[in-house]
Structure formats: C-alpha cells, structure tokens
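Notes follow the structure.
Taken together, the values in this text are just the output of simple stated rules run on the coordinates, not laboratory data. Quick caveat, the model's predicted, so the values are computed rather than measured. Here the Cβ positions follow ideal geometry from the backbone for every residue, glycine too, while neighbour counts run over all protein chains shown.
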Amino acid sequence: MDQKVLTDSQKKELIQEILGTEYHQVGNHFPLFSKMIDNLGTMNDAAAISELVPVLTRYLSGTATTSVFSVASMVGILLFPVHQFINLVNANQTGHRMYSYRAIAYTIVGWAFSQPIPAQSARIILNIRSGSVVKSVATVREYEKIWRETSLNVQNQLNIICVTKNIDVQLLKRVFQVMGEGNTGRLSALILESFESQFGPTTKPIWKSNYSVCYPH
C-alpha cells in the first residue's frame with residue numbers, strides 16, 4: 001500500500017477487510033484506529049497496519065467506547081487498578097498523586113520503547129529539593145517509594161493485559177510507539193496530558209506547568 005493519506009471511509013474499509021466479522025468491535029473507537037493508521041503512514045510503516053489493527057482491537061475489547069481520539073482512553077483501559085492504588089496511597093497528597101501519574105507515564109514509555117524504566121523523575125525531585133519550601137530527606141524518600149510502587153503496579157498490569165487478552169507484548173509496545181509517533185517525548189506528553197481530568201481547577205494549572213518536563217527527565 002502506498003503512503004497516500006487515506007480518507008475515513010477508506011480507513012474503515014481497510015479495517016473491515018482486516019477484522020472481518022470482528023469489525024463490530026471497533027464501534028466508536030474508530031478515531032483511535034484512524035490516528036494509528038495516520039501515524040503509521042507518518043512513520044513510513046503502513047505495512048504494519050494489518051498486524052496492529054487486531055492488536056488494538058483486542059486491547060480495546062470489553063471497554064467503553066469513545067468518540068474522539070484520546071490516549072487517555074488507552075491509558076484508562078490499562079490503569080484502572082493502578083488508579084485505585086494511587087487513590088488509596090495518595091488520597092490527600094496532591095504532590096504524591098502528581099508524582100504517581102508521572103511514574104505511570106514514564107513507565108509506559110520506557111516499556112513501550114524497550115528502554116530502561118526510569119527510577120525517578122530527576123527534574124521533579126530536583127524541584128522538590130530546591131524549591132521555596134525545601135523538602136526533607138524523608139519526604140524525598142517517600143516520593144521515591146511512591147514512584148517505585150506505582151511503576152511496579154503499571155508493569156504488572158501491562159503483563160496481565162497481554163496474558164489475559166492474548167496480545168503479543170512486542171506488538172502492544174508497537175501500538176503505543178505508533179500512538180506517540182515513534183517519539184518517546186511525544187508519547188510521554190500525551191500520557192501526561194491524559195491525566196488532566198484527575199485534577200481540579202486549583203491543581204490542574206500546577207500539573208500543566210510541568211508539561212515541559214518529559215520522559216526521561
């Protein structure tokens with residue numbers, strides 16, 4: 001297949017050809033499939049469409065539909081148990097919650113690109129230790145513990161999903177790579193942005209102010 005830009009109708013026809021009787025599972029998730037196809041074209045790898053469309057279908061199976069492209073919907077599918085962990089451990093600690101969500105983003109990116117998963121965000125820790133209100137060593141250790149436990153939860157959940165939905169690990173990694181347009185910083189930014197809904201009007205601007213800090217920093 002050449003690398004012309006496909007229309008929505010052409011994409012739907014292509015997906016239906018690949019999935020056959022399973023096409024109905026796409027539902028309102030089509031914008032995600034559309035974005036993946038667009039990004040595969042951008043990455044000069046359109047031949048992978050027939051391989052990745054079934055993977056995305058299995059990954060999304062049994063989940064609520066969405067009418068817009070959103071990495072948030074992909075992350076939400078993956079991380080419901082991890083959200084429960086975050087809410088339990090960091091219920092009233094905004095800084096801890098923010099650090100947990102950043103740990104999620106960095107863990108997914110490191111996993112997806114088969115790179116070492118960062119043990120911390122060095123930039124955020126530096127900010128914590130050198131801000132106007134300097135945190136104690138004990139507080140920094142709390143942040144390190146939160147990161148470690150969150151990251152392990154994410155990795156476990158990734159493994160569980162691959163096993164229970166019969167998804168090849170390398171192919172699911174490829175799906176996340178494509179969604180990030182083959183760029184670790186882009187995928188990191190998309191995942192960080194997907195957590196905006198977890199913050200209220202007071203804390204959301206603080207969260208967004210750190211978008212310039214991306215994986216692996």
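On a 0 to 90° scale, report how tilted helix 169-179 is relative to the longest principal axis of the chain, with both axes built from alpha carbons and the result rounded to the nearest 10.
90 degrees
Would you please state the base-10 log of I(q)/I(0) at q = 0.14, 0.17 1/Å for region 8-60, with intensities from the Debye formula using one equal scatterer on every alpha carbon?
So the normalised log intensities work out to -0.29, -0.44.
What's the angle, to the nearest 10 degrees (0 to 90), between helix 94-112's Cα axis and the longest principal axis of the chain?
Helix 94-112 sits roughly 40 degrees off the main axis of the chain.
Assuming R0 = 22 Å, what is the FRET efficiency of residue 61 and residue 149, from their Cβ-Cβ distance, to the nearest 0.05?
In this case the efficiency is close to 0.15.
At a 10 Å Cβ-Cβ cut-off, how would you order 206, 86, fewest neighbours first?
206, 86
Can you sort 51, 17 from fewest to most other Cβ atoms within 10 Å of each residue's own Cβ?
Listed from fewest to most nearby Cβ atoms, that is 17, 51.
Return 150, 164 ranked ascending by Cβ neighbour count within 10 Å, so the fewest neighbours appear first.
Listing 150, 164 from fewest to most nearby Cβ atoms yields 164, 150.
How long are the three semi-axes of the equivalent ellipsoid of the chain, in whole Å, if each is the root of 5 times an eigenvalue of the C-alpha gyration tensor, listed from largest down?
Calculated on Cα positions only, the semi-axes equal 34, 17, 16 Å.
For the chain, take the longest principal axis of its alpha carbons; what is the angle in degrees between that and the long axis of helix 49-60, to the nearest 10 within 0 to 90?
Rounded to the nearest ten degrees, it is 50.
How high is the FRET efficiency from residue 94 to residue 159, r the C-beta distance, R0 35 Å, rounded to 0.05?
Efficiency, from the Cβ-Cβ distance: 0.75.
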